[in-house]
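The values are calculated or read from the model by the stated rules, or taken from the named source; none is laboratory data. Here the structure is a predicted model, which is why all the values come from computation and not from measurement. Backbone-built Cβ (ideal geometry, glycine too); neighbour counts: all protein chains shown.
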Ligand SMILES: *[C@@H]1O[C@H](CO)[C@@H](O)[C@H](O)[C@H]1NC(C)=O
């Protein structure tokens with residue numbers, strides 16, 4: 001079972017939890033994180049991964065996580081992605097916020113997952129080192145271009161929605177949720 005072996009590798013690299021039921025905290029009115037191909041029924045198992053959008057280790061395991069999600073979908077295994085934005089990865093929080101903006105713009109199409117794939121595929125142009133000499137506005141410009149490329153969202157629409165407190169709140173909530181689960185990193189090298 002190559003995939004199961006990969007899964008063990010994933011488990012050692014990530015703060016990854018396998019829950020019998022969806023994790024909950026009392027404050028949010030809905031469960032946090034992004035669900036890949038939402039199952040119509042209650043899942044047998046939920047795999048929850050805490051990823052940082054500009055972390056190389058998260059980028060390395062992400063394709064395997066998506067493979068697992070695809071492969072075990074019919075066995076009612078649900079994959080939930082939490083974007084756990086580490087404070088020393090400056091662009092991860094706006095990228096997570098953009099995931100909520102784009103999921104809202106193009107719902108029910110795994111948009112947040114495609115967004116994170118796009119980010120990971122371009123990680124060396126959007127991580128902290130690559131943008132060290134850029135302003136936050138220039139970083140937002142770069143994200144807007146990528147968001148448009150993925151979904152067709154107009155740059156002005158994207159930037160307006162990036163200021164919505166709802167998306168800010170959702171991005172923060174997912175991070176805080178991870179903290180309540182004891183998550184303090186996304187991979188051993190971060
Ligand atoms: C869903 O995403 C695919 C690309 O992954 C795209 O071709 C398709 O148009 C999208 N569907 C909708 C309804 O947005």
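Each row is one residue, and each column tells you yes or no for (1) within 14 Å of residue 94 (Cα to Cα); (2) buried (at least 20 other Cβ atoms within 10 Å of the Cβ); (3) within 16 Å of the chain's Cα centre (by Cα).
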position: 131; (1), (2), (3): yes, no, no
position: 136; (1), (2), (3): yes, no, no
position: 143; (1), (2), (3): yes, yes, yes
position: 158; (1), (2), (3): yes, yes, no
position: 161; (1), (2), (3): yes, no, no
position: 169; (1), (2), (3): yes, no, yes
position: 174; (1), (2), (3): yes, yes, yes
position: 181; (1), (2), (3): no, no, no
position: 185; (1), (2), (3): no, no, yes
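Filtering segment 67-91 to residues that are in contact with a helix residue (DSSP H, G or I) (Cβ under 9 Å, 6 or more places away or on another chain) and part of a helix (DSSP H, G or I) leaves 67, 68, 69, 71.
Scan segment 166-182 and give yes if some residue there is within 16 Å of the ligand (Cβ to nearest atom) and part of a helix (DSSP H, G or I), otherwise no. The answer is no; no qualifying residue exists.
Which one of these is assigned to a helix (DSSP H, G or I) and either in contact with a strand residue (DSSP E or B) (Cβ under 6 Å, 6 or more places away or on another chain) or closer than 17 Å to residue 128 by Cβ (or both): 59, 53?
That would be 59, the only listed residue that is assigned to a helix (DSSP H, G or I) and either in contact with a strand residue (DSSP E or B) (Cβ under 6 Å, 6 or more places away or on another chain) or closer than 17 Å to residue 128 by Cβ (or both).
Quick one: is residue 116 within 16 Å of the ligand (Cβ to nearest atom), surrounded by 14 or more Cβ atoms within 10 Å (Cβ to Cβ) and in a loop (DSSP other than H, G, I, E, B)? So residue 116 fails the test. Among the residues of segment 166-185, those identified as modelled with pLDDT under 90 and within 12 Å of residue 87 (Cβ to Cβ) are 179, 184, 185.
Cβ-Cβ below 7 Å, separation at least six or inter-chain, first residue in segment 142-159 and free of Cβ contacts under 8 Å to residues at least 60 places away in the same chain and more than 23 Å from residue 132 (Cα to Cα), second within 14 Å of the ligand (Cβ to nearest atom) and not in a helix (DSSP H, G or I): which pairs? As it stands, the answer is 151/106, since those pairs meet every condition given.
Can you go through 98, 147 and tell me which one is within 16 Å of the ligand (Cβ to nearest atom), in a helix (DSSP H, G or I) and either modelled with pLDDT of 95 or more or out of contact with any helix residue (DSSP H, G or I) (no Cβ under 8 Å at 6 or more places or on another chain) (or both)?
Matching residue, one of 98, 147: 147.
Can you confirm whether residue 84 is more than 16 Å from the ligand (Cβ to nearest atom), under 13 Å from the mean Cα position of the chain (by Cα) and farther than 21 Å from residue 151 by Cα? It is true that residue 84 is more than 16 Å from the ligand (Cβ to nearest atom), under 13 Å from the mean Cα position of the chain (by Cα) and farther than 21 Å from residue 151 by Cα. Cβ separations smaller than 7 Å between residues 6+ apart or across chains give the following pairs from segment 100-118 residues that are free of Cβ contacts under 8 Å to residues at least 60 places away in the same chain and more than 16 Å from residue 54 (Cβ to Cβ) to residues that are in a helix (DSSP H, G or I) and more than 10 Å from the ligand (Cβ to nearest atom): 102/112; 102/115; 102/147; 111/102; 111/103. For the residues 76, 142, the requirement of being away from the ligand (no atom under 16 Å from the Cβ) and at positive phi singles out 76.
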